[in-house]
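Scroll down for the structure; my scribbles are underneath it.
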Amino acid sequence: MVYLKNRITRGWSPSEDFPQNKPIPEDEKQRFRDRLLPVLSSSPAQIRQQLVPVLQKILHYDFPEKWPAFIPITVQLLNTNEASSIFAGLQCLLAICRVFRFKSGENRTDFDKIVEATFPRLLTIGQGLVNETSEDAGEMLHIVLKAYKHATFVRLPDQIPQQAEVLINLVRVIRLFESTACGHWVVLALPSYCC
């Protein structure tokens, strides 16, 4: 796993400063992108944890031009009834939120569409997780909140004010979760204006 992570980090889009890093050919990149999300959704937590930074690196360079299917696959994962697929979908959504978190203006156009397509489902997932007591549910809710945090890092996406009810309900979910045993670490993931 370490080799894979290093190979992607160094070879996906190698820097001119490090010519010794052999670039990964485009046909291999396409095959890797096609297989990454299915592997992510079927892998145990320890493997997923190693794959998420790889996913973020690829998204940084390839989304949306070279990986237009990423969001439809993510939405599909979020809309399943399998916990492992939803978990993978949440990690994919968080990864794309991290890619866009510091972008503004024209650079956020694609992201605003992503928020519009996914945040209502994200809220539904978060509301469903509030009453769960498993460690996985707590981790999934944490990812939901981190996705929201990264999506609003620079500014509220255009769709959030239009979906005020979604935002209010998300804050309610957060407040409900604060009162549970795991709530103390979730609050740390929130933007300061939510609390």
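Annotations
- Gyration tensor (alpha-carbon) shape descriptor, region 40-123, a/c threshold 1.5: oblate
- Net charge, Glu28 excluded, C-beta distance under 12 Å - Lys, Arg +1, Asp, Glu -1: +3
- Shape call, region 1-93: gyration tensor on alpha carbons, a/c limit 1.5: prolate
- Given R0 = 22 Å, the distance between the Cβ atoms of Lys5 and Ala45 translates into a calculated FRET efficiency of 0.85.
A short reminder: the numbers here are calculations on the coordinates, not readings from a lab. This structure is a prediction, so every number in the text was calculated from the model and none was measured. Neighbour counts are summed over all protein chains in view; Cβ atoms, including those assigned to glycine, are modelled from backbone coordinates with ideal geometry.
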